[in-house]
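Reading through the structure tokens given below for one structure.
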């Protein structure tokens, strides 16, 4: 599905969701949806606020952003992640299943796909639980932070030998 088709489809899904739940169909809500579906990867509310203001030339309050994000999550069009202290979001319609590597030092989030891991998770028997979706977060050190830490340790060892 190309990006234009996805954007049209999510607009239709959101329209139906708003109608079914008695919410107003405002231009701001659809501008937010369109902006989110033009992004790649994760975003936070501050990033979305800046994008709406600068690039889309569309002013919306932070309250409108938060409220619309909640509606989009309820409509299964956006997913919320808690990477450390900050909440991050990403579009979830027509997205490949992926996992997240999170550096505990610098906070960098890297997405990766692993078909074998995905297969194992999706085919795990969970008793009387019917899984609809899942998220996998792995925490550790990215290669850059690991190199920095090793360099600091080596410098400390050299300093102590003197």
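Each reported figure results from applying straightforward, stated rules to the coordinates on display, with no laboratory input. These figures come from a predicted structure and were not determined experimentally. Cβ coordinates were reconstructed from backbone atoms using ideal geometry, including for glycine residues, and neighbour counts include every protein chain displayed.
Odds and ends about this structure:
- Added length on full extension, which subtracts the Cα-Cα distance from 0.36 nm per residue, residue 128 to residue 20: 35.9 nm
- Residue order for 79, 36, fewest other beta carbons within 10 angstrom first, comes to 79, 36.
- Identified option (computed Rg/Rh (Cα atoms, Kirkwood Rh); candidates [x] 0.99; [y] 0.94; [z] 1.09): [z]
- For the chain, the longest principal axis of the C-alpha atoms and the axis of helix 143-161 are separated by about 20°.
- Order of 2, 120 - criterion: other Cβ atoms within 10 Å of each residue's Cβ, fewest first: 2, 120
- With neighbours defined as other Cβ atoms within 10 Å of a residue's Cβ, the residues 10, 148, 60 order from fewest to most as 148, 60, 10.
- Helix 62-74 and the longest principal axis of the Cα set of the chain meet at an angle near 80°.
- Candidates 18, 126, 77: whichever shows maximal mean-square fluctuation once the chain is modelled as a Gaussian network with Cα springs under 10 Å: 126
- Backbone N under 12 Å from the residue 9 label point (7 Å along Cα→Cβ), restricted to segment 78-115: 92-96
- Residue 143 paired with residue 55, simple spin-label distance in nm, labels 7 Å along Cα-to-beta-carbon: 2.8
- Between the C-alpha center of segment 93-127 and that of segment 26-74 there is a gap of 25 Å.
- Listed peptides 21-31, 129-139, 90-100 by packing density, highest first (mean Cβ within 10 Å): 90-100, 21-31, 129-139
- Relative to the longest principal axis of the Cα atoms of the chain, helix 27-36 runs at roughly 30 degrees.
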